[in-house]
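First the structure, in the form of structure tokens, and then the observations on it.
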Amino acid sequence: MRHLYKIFIAITLVTGLWSCENETDLMILEPQEAAFAIITPDNGSSTILNKDTPNNTALTFTWEKVSYGNPTIVTYTVQFAASNTEFAAPVDITTSTSTHASISVAELNAKALELGLTPDVEGTIDV
């Protein structure tokens, strides 16, 4: 019986060592900058917020799909920032794996106020 245990351990050990792979064939890819462009809204476009329709869509964002050269699941985050701040303190609007997103009038108004825009006065934000 002891002899069987030694044979079993030897077979397990050999099988375990045999199953290891040589990892010298693995490639590590360097991160690449991906081209990215927002399709809508157009640069410089404006939106008027109506407090009587807070659930209506204020803005719909669409953008080009980013390709890194190999199959990659990409999560996009739309951010707003106060104009001319170089995104020093951005506010996240939405996160999506698709190439479009929408924001309601109420959400846009709340985010604009969060960025410090004055109510009832035209203001600008960067997307």
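The values are calculated or read from the model by the stated rules, or taken from the named source; none is laboratory data. Keep in mind it's a predicted model, so treat the numbers as computed, not measured. As a convention, Cβ positions derive from the backbone with ideal geometry for all residues, glycine included, and neighbour counts pool all protein chains shown. Just the protein is used for accessible areas: all its heavy atoms, side chains included, with ligands, DNA and RNA removed. Shrake-Rupley method; radii C 1.70, N 1.55, O 1.52, S 1.80 Å.
Each residue in segment 85-112 was checked for being open to solvent by 80 Å² or more (accessible area, probe 1.4 Å) and either farther than 22 Å from ASP42 by Cβ or without any contact (Cβ under 8 Å) to a residue 12 or more places away in the chain (or both), and 5 of them qualify.
Scanning segment 12-52 for residues that are open to solvent by 100 Å² or more (accessible area, probe 1.4 Å) and either part of a helix (DSSP H, G or I) or at pLDDT 75 or above (or both) yields LEU13, LEU17, TRP18, GLU23, THR24, ASP25, ASP42, ASN43, SER46, ILE48, LYS51, ASP52. Residues that are hydroxyl-bearing (Ser, Thr, Tyr) and open to solvent by less than 60 Å² (accessible area, probe 1.4 Å) were ranked within segment 62-84; the one that is nearest to the chain's Cα centre (by Cα) is TYR76. For segment 66-100, the tally of residues that are outside any strand (DSSP E or B) and either aliphatic (A, V, I, L, M) or closer than 21 Å to THR124 by Cβ (or both) stands at 11.
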